[in-house]
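Peer 1: Supplied in structure tokens, the structure appears directly below.
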Amino acid sequence: MENGKIRDFTDLEAWRKAHELALLIYKATEKFPKSEAFGLISQMQRAAVSITSNIAEGFGRQTLKEKIQFYYQAQGSLAEVKNQLILAKDLNYVSASEFDRIMDALITSHKLLQGLLRKTRSFLPIPKS
């Protein structure tokens, strides 16, 4: 980020925190049973990558409507990761402390993405009644 201006999707705090979340997911899933390689491991990793990918793609889109659509898709992927993380905890694939650490990152990512959505929507023209 140069002069406080956002020039690239990597300048977005929402993307940076989601990237950290994806790294946490990858590290956590390394310890899952190998029998989950094509199940929960793959699902969690793809959903985590989808968050950052949709933020990046939304940033690169030209219209506000397109940007918002991709940011909403990122939000859906965040919900997927949360669901899968709860399942992993219930299956004892992650410890309580690791679950809490990842959940904290997930909550932070969600809040930042909500802020990005709110800010982007604020640029939409107000419909006339």
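Peer 1: Tell me which lysines have Cα within less than 27 Å of residue 65's Cα, excluding those fewer than 8 residues away on the same chain?
Peer 2: Residue 65 reaches 5, 17, 82, 111, 119, 128.
Peer 1: For region 14-20, just list the computed ³J(HN,Hα) in residue order, Karplus coefficients 6.51, -1.76 and 1.60, θ = phi - 60°, integers in Hz, with x standing in for Gly and Pro.
Peer 2: 4, 5, 4, 5, 5, 5, 4
Peer 1: OK, next. For residue 122 and residue 80, what is the calculated FRET efficiency with R₀ set at 30 Å and r taken between the beta-carbons, to the nearest 0.05?
Peer 2: 0.65
Peer 1: Answer with one residue from 64, 91, 51: the one whose Cα lies farthest towards the positive end of the charge dipole of region 40-101, charges on Cβ with Lys, Arg +1 and Asp, Glu -1.
Peer 2: Value computed over the given set: 64.
Peer 1: Would you mind telling me the share, in percent, of accessible area of region 51-120 contributed by carbon and sulfur at probe 1.4 angstrom?
Peer 2: 52
Peer 1: Now for a different question. Calculate how steeply helix 40-60 sits against the longest principal axis of the alpha-carbon atoms of the chain, using the helix alpha-carbon long axis, and give the answer as 0 to 90 degrees to the nearest 10.
Peer 2: Tilt relative to the chain: about 10 degrees.
Peer 1: Over region 49-93, what is the mean sequence separation of C-alpha contacts under 8 Å (at least six apart), divided by residue count, expressed as relative contact order in percent? Intermediate results must be reported in sequence, preceding the final value.
Peer 2: Details: 27 pairs, mean separation 16.5, N = 45.
Relative contact order for region 49-93 comes out at 37 percent.
Peer 1: With a 1.4 Å probe and every protein chain left in place, tell me how much accessible area residue 16 has, in Å² to the nearest 10.
Peer 2: Surface accessible to solvent at residue 16 totals approximately 80 Å².
Peer 1: Taking the Cα centre of region 51-129 as origin, sum charge times position over the Cβ atoms of Lys and Arg (+1) and Asp and Glu (-1), and report the length of that vector in debye to the nearest 20.
Peer 2: For this selection, approximately 580 debye.
Peer 1: Taking only protein heavy atoms into account and a 1.4 Å probe, give the accessible area per residue of the chain in Å².
Peer 2: 61
Peer 1: For the chain, what is the relative contact order in percent, using Cα pairs closer than 8 Å and at least 6 residues apart in sequence?
Peer 2: The normalised contact order for the chain reaches 30 percent.
Peer 1: Report the extension gain between residue 72 and residue 129 in nm, rounded to one decimal, defined as 0.36 nm multiplied by the number of residues separating them, less their alpha carbon distance.
Peer 2: Here the answer is 17.9 nm.
The values are calculated or read from the model by the stated rules, or taken from the named source; none is laboratory data. Bear in mind the structure is a predicted one, so any value in this text is a computation, not a measurement. Positions of Cβ are generated from backbone atoms using ideal geometry, with glycine treated the same way; all protein chains shown enter the neighbour counts. Only protein heavy atoms, including side chains, enter the accessible area calculation; ligands, DNA and RNA are left aside. Shrake-Rupley method; radii C 1.70, N 1.55, O 1.52, S 1.80 Å.
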